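Shown next, in C-alpha cells, is the structure this report addresses.
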Amino acid sequence: MIRFENVTKTYKGSTVALRDITVEIEKGEFVFLVGASGSGKTTFIRLLLREELPDSGQILEAGRNIVELPKWRVPYLRRNIGCVFQDFRLLPNKSVFENVAFALEVIGRPRHVVANQVPQVLDLVGLSGKRDNLPSELSGGEQQRVAVARAFVNRPLILLADEPTGNLDPQTSQGIMQLLDRINRTGTTVVVATHDEVLVDKMRRRVIELSNGMMVRDQARGVYGFDGAAQQTVDVAAGGMG
Amino acid sequence: MAVSVDYVVRETASNLWRNRLMTIAAVLTVAVSLSLVGAALLLRQGSANATGTLERGTQVTVWMQPTANQQEIKAVGTELAQLNYVVQPCAYWDKARNFQEEGKLLPSDVVQATTVDEMPTSYWCTPVALSDAAQVVRAFEGAPGVLNVTEPQGAIHTEETVINIIKWVFLIVAIVLIVSASVLILNTIRMAIFARRREVSVMKLVGATNWFIRVPFMSEGLLQGFVGSLLAAGVVYGLYSFINHAGSGKTTSNLFTAMHMTASEMILTNVVVVFVGMAIGSLGSAVAIRRFLDV
C-alpha cells in the first residue's frame, strides 16, 4: 500500500528531515511512527500527502509513484488519504454534520451520498447525538472524533494521524486509538505518528522509530521504547524488511 | 470535475455578505469609473455625430463689397470654381437674393432702411472638410472687391473643443478609477481568501481540486465587476436620455440636437461598459488568487 524507497528529504538550511528511508507498509496494516520531536515523523506524513516532495527516492502509494504525479492529480491522490491532526482543524462556524459533509461536498459528491454517508460515519465515531452542535460546544476528544469522521467519510485507503492525541488526556486518547483501531479493521491502512508511549505500548502494533531522520527500528509488535524481548526487530542498517 | 452551481452560488453569496463593506466600496468604485468611461465613449460618439451634422450645414460665405464691380465679382467666382477643397459649384447670390434673405432674418424697420443696391453680392461655398473652411477664409480675405469672408459655424469649434476636453478628462479620471476599482476588488478577494483560509486548507486536505477552490473567489470578483458595470450602464442610459431629450425639437445649431444618438449607439456603449466591468472583476480576482491563494 505504501512503499518508501531510499527517500531523502532536506529542508532549507540543510536540516536533514529524512535520510535514506526504505520501508513498506502493507494494505490493512496499523503502524505507529514514533520518535522525538524533529525526528522526521511529520515530514513522513507530509510526504505521503504530497505536501512535500523528496529530494531523492521513490514513494509508492497504491502502486502509484506519487513523486512523479502531476500537480493537478494531487487532489485525487488526497481523496484516497484521510488525515487527522493534533489541532483537529475543524471549521468553527459549521456544525458537526456540516464539518463532515464539507469533505464530501468539496470533492463534488452528490447530495444523496452526503445524506447517506455522514450519519453512518457519525454513528461509527459515536457522535450521532451531537450532529448539530458546533465544534466549540464539544470536548477535545469529541472534536477529534469529528476530525476522524471527516477523514474517514470518503472511505480512504489510508488514514494518517499526526499526533492525534497530543491535545487529549490519556483516557480520551485511548478512546481515539480504539476508534482508529476500529477503522483499521475495516481494511483501511492506518499510520499514526505519536509520542504517546502508553498507547503504543498498549496497542502492540507495528512500530517504526525515527531518529534524526533515520529509521532506527521497525518492529512488528512493538512498544514505544526499545523492547529487547521482541525478536522481530529489523536490522535497518542491513537494509532488510520486516 | 464539475463544480456545482449551487455550491458556487452559496459560497459567493456568503463571501460577499461577510465582506459587505468592502464589496460595496468596490462595486461603487467600479460603477463610478465605468460611468465615466461610458460617458466619455458616449460623448465621443455624440461629438462625432455633432461634427457630422454641423459639417453638413457649414458654409463659408465670401461677401463682396456692395460697390464691387462685375469684373471683381467674376474674378472671385472663377477662382472659387478652381478650388478642389470646396464642393463645386459655389452658389452665387446677387443683391436681390441677399436683400430677400435679409428680409427674413432682420426686423422690418431695419430692412426698410436699406435698399437693394446697398446689399452685397455673395458666394456660398461648402468646404469638403470642416478644416478647409479656414483655408477659404485665408485665400479670399482682403482680395480685391471682397468685403469679408465669414465662417458662420465658427462657434462649433469652441463647442467641439469643450467636448474634447471633457472627453479626455473623463477618460483620464476613468482610467485612474478603473485601476483603483481593480485594486479594491483585489483587496476584497484577498480578504475573502484570508477569512476562508481554514476552509481552503481543509479543502486542500480532503482533495478538492484547485478549480473548485478558486471558482467561488473568481465568481465573487466577476460579480462585483458585473454589478458595478450594470449601475454604470444605468448612468450611461440616463446621460443618453438627457442629451436626446434636451436636444429634441430644436434646430441643428443646438449642440444636444447635433449630438443626437441612436439607441444602438447607446447599447453598444453599454456593452463595452459591462464588458470592461467584468474584465476588471476577473483581473482583480485573478491577481488576488495568484498571489494569495496557494493552490
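Could you list the trypsin sites (Lys or Arg not before Pro) in region A:1-41 that lie in coil according to DSSP, counting only those with at most 14 other Cβ atoms within 10 Å of their Cβ? Sites meeting the loop and neighbour criteria: A:Lys12, A:Lys27. Think of it as helices only: each DSSP H run of n ≥ 4 in the protein assembly as shown is worth -39500 (n - 2.57), and spread over all residues that comes to -18000 deg cm²/dmol at 222 nm.
Per residue of peptide B:196-206, the mean number of Cβ atoms on other chains within 10 Å of the residue Cβ is 6. Reported to the nearest whole Å, the Cα centre-to-centre distance from region B:162-177 to region B:189-251 is 24. Take each peptide in A:61-73, A:92-104, count the other Cβ atoms within 10 Å of every residue, and average; sorted highest first, the result is A:92-104, A:61-73.
Computed over the protein assembly as shown, the Cα gyration tensor eigenvalues convert (square root of 5λ each) into semi-axes of 88, 24, 15 Å, ordered from largest to smallest. Average projection, convex hull of the Cα set of chain B: 21.5 square nanometres. Rounded, prolate or oblate: pick one for region A:47-199, where a ≥ b ≥ c are the square roots of the eigenvalues of its C-alpha gyration tensor, a/c under 1.5 means rounded, and failing that, prolate if a/b is larger than b/c, else oblate. Note, shape of region A:47-199 comes out oblate.
At 1.567 mPa s and 4 °C, plugging the Kirkwood radius over alpha-carbon pairs of region A:1-109 into Stokes-Einstein gives what diffusion coefficient in µm²/s? Show your work: numbers first, answer last.
On the way: Rh = 15.6 Å.
Here the translational diffusion coefficient equals 83 µm²/s.
If you take all other residues with their beta carbon under 13 Å from the beta carbon of A:Arg182, and give Lys and Arg +1 and Asp and Glu -1, the sum is 0. For region B:59-152, the C-alpha radius of gyration sits at 1.09 times the compact-globule guess of 2.2 N^0.38 Å, with N the residue count. Checking the Cα-Cα distances for B:Lys74/B:Lys95; A:Lys130/A:Lys202; A:Lys41/A:Lys71; A:Lys94/A:Lys130; A:Lys71/B:Lys204; A:Lys9/A:Lys41 against a 21 Å cut-off, the pairs over it are A:Lys130/A:Lys202; A:Lys41/A:Lys71. Tell me, how many Å apart are the Cα centres for region B:61-129 and for region A:149-209? Here the answer is 107 Å between Cα centres.
Entry note, chain A: relative contact order of 26 percent, from Cα contacts under 8 Å with a spacing of 6+ residues. With the simple spin-label model, which puts each label point 7 Å out from Cα in the Cβ direction, the B:Ser180 to B:Arg18 separation comes to 2.8 nm. Residue by residue through region A:188-205, which ³J(HN,Hα) values in whole Hz follow from phi under the Karplus form 6.51 cos²θ - 1.76 cosθ + 1.60 (θ = phi - 60°), with glycine and proline marked x? Per residue, the Karplus-derived 3J(HN,Hα) values read 7, 6, 10, 10, 10, 8, 7, 10, 8, 4, 4, 5, 4, 5, 6, 6, 6, 10 Hz. Rounded to the nearest 5, the antiparallel percentage of DSSP beta bridges internal to the protein assembly as shown is 65%. Specify which residue in the list B:Leu147, B:Asn84, B:Gln100 is farthest towards the positive end of the charge dipole of region B:59-152, using unit charges on the beta carbon of Lys, Arg (+1) and Asp, Glu (-1), about the Cα centre. It is B:Asn84, whose Cα lies furthest towards the positive end.
Computed from the coordinates by the stated procedures, all read-outs in this text should not be read as laboratory data. Values in this document were obtained by computation on a predicted structure and should not be read as measured data. All Cβ positions, even for glycine, are placed from backbone atoms using ideal geometry, and neighbour counts span all protein chains on display.
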